[in-house]
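For reference, the structure is listed below as structure tokens.
The values are calculated or read from the model by the stated rules, or taken from the named source; none is laboratory data. None of the values given here were measured: they were computed from a predicted structure. Using ideal geometry, Cβ is built from the backbone for each residue, glycine included, and neighbour counts are taken over all protein chains shown.
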Ligand code: GDP
């Protein structure tokens, strides 16, 4: 029997974007209540018909916690950048944090999946507005792709993950 290969994926983004809720959705837990992530959550799972074991790290995104993100960069295969698509006020902050992250040496080879999350909310910006707001088209240092997701309905959560796993593999 083949030993499964491991992949290390970091879930990052501003606080309240939906990282913890997405992680609960993909591990089939109750998504109705989450509390702010102060330290980190780690989940191990595999996708159907995939030889990879995913070790997913969900690190708290509050401003005071962002300096600690760097402690998790080592050996990271992929970054999942989760965006609250309804939070227009912080879209620029979100852009700046993302682009700062992408300059980190230790993340140089990592693939980037952007989840334009909370698409179920009436005020959510669509995928092309998020793409523009985050200046994704200026990113040339990392393979990236954006999906419009909802942790509530589960829309595009697994297809996004599937993309990033294929991109790393
Ligand atoms: P985190 O700080 O990025 O881990 O964010 P959480 O997962 O704690 O989610 C923050 C809040 O947004 C919670 O009240 C969640 O229930 C809510 N939330 C997360 N994802 C979605 C989504 O896709 N749609 C809606 N409507 N609410 C969401």
Next on the checklist: Which condition from (1) more than 16 Å from the ligand (Cβ to nearest atom); (2) over 21 Å from residue 6 (Cα atoms) is the one that residue 124 breaks?
Outcome noted: (1)
Checklist entry - Tell me, which residue of segment 76-104 that is farther than 20 Å from residue 64 by Cβ and assigned to a loop (DSSP other than H, G, I, E, B) is farthest from the ligand (Cβ to nearest atom)? => result 103
Next on the checklist: Please verify whether residue 139 is within 16 Å of the ligand (Cβ to nearest atom), at pLDDT 95 or above and closer than 24 Å to residue 105 by Cα, treating the condition exactly as stated.
Outcome noted: no
Checklist entry - Looking at segment 129-166, which of its residues are in contact (Cβ under 8 Å) with a residue 60 or more places away in the chain and crowded, with 20+ Cβ neighbours inside 10 Å? => result 148, 149, 151, 157, 160, 161, 164, 165
Item to check | Leading residue by the ranking (farthest from residue 9 (Cα to Cα)) among those in segment 105-121 that are away from the ligand (no atom under 16 Å from the Cβ) and in contact with a helix residue (DSSP H, G or I) (Cβ under 7 Å, 6 or more places away or on another chain) | outcome: 107
Checklist entry - How many residues does segment 18-29 hold that are in contact with a helix residue (DSSP H, G or I) (Cβ under 8 Å, 6 or more places away or on another chain) and near the ligand (Cβ under 7 Å from one of its atoms)? => result 1
Next on the checklist: Which residue is farthest from the ligand (Cβ to nearest atom), if the candidates are limited to segment 30-60 and must be surrounded by 13 or more Cβ atoms within 10 Å (Cβ to Cβ) and modelled with pLDDT under 80?
Outcome noted: 40
